[in-house]
Each structure stands twice: as C-alpha cells, then as structure tokens.
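First up is the structure itself, then whatever we jot down about it.
Values quoted throughout were computed directly from the atomic coordinates according to the rules given, and no laboratory measurement underlies them. This structure is a prediction, so every number in the text was calculated from the model and none was measured. In this analysis, Cβ positions are derived from the backbone assuming ideal geometry, glycine residues included, and neighbour counts consider all displayed protein chains.
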Amino acid sequence: MSGDRSEYQGAWYEANKEAIKAKAKQYREQNKEKIKEWQKAHYEINKEEIKAKSREWHKNNRDQARERAKRYREDNRERLAQVSKEYYESNKEVLKEKVKQYRLANLEKVKETKKLYAKANQEQIKTSQKAYREANRERLKEKDKAYYIKNIERFKDERKKYLKEYFNTEHGKTIRRVQLARRRSSQLQRTPYWLTEADLEKIRCKYAVAQRKTDSTGEKWVVDHIIPLKGKFVSGLHVPANLRVVKNTTNCRKSNHFDIDKEWALP
C-alpha cells in the first residue's frame, strides 16, 4: 500500500512539476521576511548541529565545495564586492585592530606568506605597482616630499652614517679614488667623451688594484697618469692606456714630468 502511494505521489509530481515550482517560487516571493525569520530561528536552535554537518560535508567534498564557492563568487562578484565594501566601512576600526593583532601574534607566518606570494606573483605585482604609480604619480611625489621634509634630519644622519661605513670598505675606497680622480680630470677637461663603459670599468680596476696593493703591503700605491694630465710640455688623457699602478713615492718623484724615453718603461 505504502509503495503504491509513493509511486502515485512520484507520478503526480512529475505530471505537475512546473506548476509546483511556480507555486513554491510565488510563495517565497510573497513571504520573504517570514521565511528569513523562520530560517534564522531554525539556525539558532540547531546551530551546532548545522555547523558540524557543514564541516563534515566540506571535509568529505573539498573539491566540490571549492568549485561551488568559486562559481558562487563569479556569479555574484558585484554584489559580494558591494557587501564587502559596506561591511568594511561599517567596521573599519574593528577590522584594522584585528588585522594588527593577528600580524603581531603571527609575525613569522605573515612574513613567510608574503614572501611566498611575492615569489609566485612577481610579474603581476610589478604590473600592478607600475599601474598604481602611473595613476598616482603626483600624489606619490607629494607624499614622498612631505615624508622627506618631516624626517629630513633622520635622512641626513642615516646617509652620513651609510657613506662613512661604505667609504671604509674596499669597494667604497676604490669608488672614492675613482671619484676624486674623475673630478680632477674633469676639471682639467681631460676625460674624452668617447670612453665606453668597458673603458670606465678598466679605469675602476686600476684603482681597485692600487687599493689592494696598499692594503696588502702597508705601503701606499696610487694610479699614475703616464703622460701627465697637465704636463709642462705635453698633456695626456684620463684613459685606460694612460694609467698604471705605481708606488706613491714614485708618483711624487715623477710629479707632472714626462720623458718619452723613460716613462713608458717604468715599472
């Protein structure tokens, strides 16, 4: 008897499916608030049971749950963005405090997460940052300028400290020598405009060798211009072919003299 009744109900439903759906839809439209209240009350009464069932279902159907959530976000992108924005505006300070507390309690985790994200999205981050800078160029300039003015003394102290430490390193000492020599030679207008980057690198290497010899021997070595930049009878150029590394005593003895029969043969 029970089986006959189930078959009858199934057949009746199939025959009247569209009408039933339309009637149900009409009922929901006419009783939205009533249904919401009922659902809310039902949830409050059965909260723990519903949560447990939800957790169990998600645990057993992770892929399906992710796909469903993804599809829902795509179908409701605009509405979700609006809801999220409204919620943030209404709870801005509370959310900021929560984020702050979480970061303080999970410093290493947050740091590692940022590192992994940056590594996995390098191109996307570069593109996004570039677009943001282009769209906010003037505002960022004003912001940087205001920050610099506000902290100008700290910037000066940090730069002074950095330069002091840097110019005490081997590379820094080499760069300082290059800068001083270039300044002197530029003042004398003896640095040709046609020097290539390779030529400039050769010049830097000469000064680096002089510094290493000074450090290793304890005796001062310098870079000498074979043909002086400002000689009495002839002047040379600040170019690699006119440079050599010699002891400072040799350089001082030579001064700005040049003997075509002797100078090129000096060690």
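Couplings 3J(HN,Hα) of segment 156-166, computed from phi: 4, 5, 5, 5, 4, 5, 4, 5, 4, 5, 5 Hz, in residue order, whole Hz [Karplus 6.51 cos²θ - 1.76 cosθ + 1.60, θ = phi - 60°; x for Gly and Pro].
Taking amide H as placed 1.01 Å from N in the peptide plane, Thr191 has its amide H under 5 Å from the amide H of His238, each at least 5 places away in sequence or on another chain.
Each Lys or Arg adds one and each Asp or Glu takes one away; over the other residues whose Cβ falls under 14 Å from the Cβ of Tyr166, this sums to +4.
Cross-link list Lys109/Lys150; Lys34/Lys98; Lys213/Lys254; Lys25/Lys85; Lys173/Lys202: which exceed 25 angstrom alpha carbon to alpha carbon?
Numbers: Lys109/Lys150 33 Å; Lys34/Lys98 35 Å; Lys213/Lys254 20 Å; Lys25/Lys85 30 Å; Lys173/Lys202 16 Å.
From Lys109/Lys150; Lys34/Lys98; Lys213/Lys254; Lys25/Lys85; Lys173/Lys202, over 25 Å: Lys109/Lys150; Lys34/Lys98; Lys25/Lys85.
Other residues lying with their Cβ under 13 Å from the Cβ of Lys23 contribute a combined charge of +2, Lys and Arg counting +1, Asp and Glu -1. Across segment 104-109, coupling constants 3J(HN,Hα) worked out from phi with the 6.51/-1.76/1.60 Karplus curve, θ = phi - 60°, read 5, 7, 9, 4, 5, 5 Hz, and Gly and Pro carry x. 3J(HN,Hα) couplings calculated from phi for segment 202-216 with the Karplus curve 6.51 cos²θ - 1.76 cosθ + 1.60 (θ = phi - 60°) are, in sequence order, 4, 5, 4, 5, 4, 5, 5, 4, 4, 5, 5, 5, 4, 5, 7 Hz; Gly and Pro show x. Within the straight-line cut-off of under 20 Å between alpha carbons, the aspartates and glutamates reachable from Lys23 are Glu14, Glu33, sequence neighbours fewer than 8 places apart in one chain being disregarded. Distant-in-sequence amide contacts of Ser235, defined by a placed amide H-H separation under 5 Å and a gap of 5 or more residues or a different chain, comprise nothing. The Stokes-Einstein estimate for the chain, based on a Kirkwood radius over Cα pairs and taken at 4 °C with 1.567 mPa s viscosity, is a diffusion coefficient of 45 µm²/s.
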